[in-house]
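The values are calculated or read from the model by the stated rules, or taken from the named source; none is laboratory data. Given the structure is predicted, the values throughout are model-derived calculations rather than measurements. Cβ: placed from backbone, ideal geometry, glycine included. Neighbour counts: every protein chain shown.
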Amino acid sequence: MRHSPGHGGNLAWAADVAGCPASAILDFSASISPLGPPKSILEAITSQLGNLRHYPDPNYGELRLALSHFHQLPPEWILPGNGSAELLTLAGKELAQFAATVLMTPAFGDYYRALVACDAKVLEFSLMSPELKPLLSTQNSRHYKGSLKEYRTQELGLIINNPHNPTGRLFSRSEILPYLEEFALVVVDEAFMDFLFPQEEESLIGMVQEYPNLVILRSLTKFYSLPGLRLGYAIAHPERLSKWQLWRDPWPVNTLAVAAAIAALGDREFQQQTWAWLPPTRNELFQGLAKIPGLQPRQGAANFLLVESQHSCSQLQQKLLQQHQILIRDCLSFPELGDRFFRVAVRSSSDNQRLLEALTQELRVRS
């Protein structure tokens, strides 16, 4: 068995396992909207092809202004990046200056990458207990046997994503706000927050000017189907963002990505289309998965579902690739989940139906 990569969306690996072209793979492993990229973005990219002969604006003034209007914040509170991954690397460098950084597990693998690269100490606290206890009093860390209170006199950082990946859990603002009073730096990864209706969001962007120790990371690639373009942004105190700017290479965001981002922010029709599409399609997929013997999907607020299985998910992943050219995300890179969980993106109804039929067939064979 060829082990899967630690991140979704690796179509080259999947095509090698399936023995087919990458274009033939139906990818449920990367949580990307199936609705885009919208026409407005493609037209904006095309319009800027002639400007590839010029360097981008190193300060990204036009893009920052568009983001400032979108979030009702001054432009200096926003820093565009080459995907939120680049900005996470900068956050990791800053978090490494503290005594330790707390992760709520299972945690996105890139958090470890960013922290370990900077020699940061990591403390892990589990979300998988039946009822999540307040982090500040919990003692269920896998890598630290004791209470966080022993660190009160020192500086601690915290990374949390909301909605949480891979469980899909949505934390309320009231659940996260107490951490801003306790931790030296709180990085909230809101990569999937824009999939919620605006009135249902639990974003902390509106609190960032009140808390100089708060950093929000956002991605434009998942909602607008642009993972190949690499575009994200950080929202934080201007002094912190000015420091980050000095740490990184010049021109991290290319001209086409800038054009795409500005067009995306203004495409209200696509945003409304996505908000109308996701909840019923996600529920339809959830219900279909729940009807398959041996599978137990978890309710979630994002554009993916975490599924518990009575069978080996890595073996199931291989069978789905080899027999159906379908790629699901195994959870072997999340130690708490292991081989009994997999994650699937919410795709079109027809794609979702193809997945359900393939799962039904393969699990019937194995029963």
Exercise. If you go through the range 15-32 one residue at a time, do you hit one that is out of contact with any Lys or Arg (no Cβ under 7 Å at 6 or more places or on another chain), without any contact (Cβ under 8 Å) to a residue 12 or more places away in the chain and aliphatic (A, V, I, L, M)?
Worked result: yes
Exercise. Taking helices (runs of 4 or more DSSP H) that fall entirely within the range 1-96, which contain at least 2 residues that are within 24 Å of the chain's Cα centre (by Cα) and among the polar types (S, T, N, Q)?
Worked result: 83-95
Exercise. Which one of the conditions (1) at pLDDT below 95; (2) surrounded by fewer than 16 Cβ atoms within 10 Å (Cβ to Cβ) does R248 fail to meet, given that it meets all the rest?
Worked result: (2)
For this session: State which residue pairs qualify: first residue assigned by TED's automatic domain parsing to the domain that holds D110 and inside the range 158-175, second residue part of a helix (DSSP H, G or I) and buried (at least 22 other Cβ atoms within 10 Å of the Cβ) in any location, beta carbons under 7 Å apart, and separation of 6 or more residues or different chains.
Result: I159/Y111; N162/M193; P163/M193
For this session: Identify all residues within the range 276-293 that are surrounded by 15 or more Cβ atoms within 10 Å (Cβ to Cβ) and either under 27 Å from G81 (Cβ atoms) or of a type in the set (G, A, S) (or both); write none if there are none.
Result: L278, G288
Exercise. If you take just the strands (runs of 3 or more DSSP E) that sit entirely in the range 212-318, which of them hold at least 1 residues that are more than 27 Å from P335 (Cα to Cα)?
Worked result: 214-219, 232-235
For this session: Would you please name the residue that is surrounded by the most Cβ atoms within 10 Å (Cβ to Cβ), looking only at residues in the range 319-342 that are without any contact (Cβ under 8 Å) to a residue 60 or more places away in the chain and either touching a His at 6+ places or on another chain (Cβ under 6 Å) or not in a helix (DSSP H, G or I) (or both)?
Result: F342
Problem set entry | Residue among A260, A302, A236 that is more than 25 Å from A44 (Cβ to Cβ), in contact (Cβ under 8 Å) with a residue 40 or more places away in the chain and more than 18 Å from the chain's Cα centre (by Cα) | A236
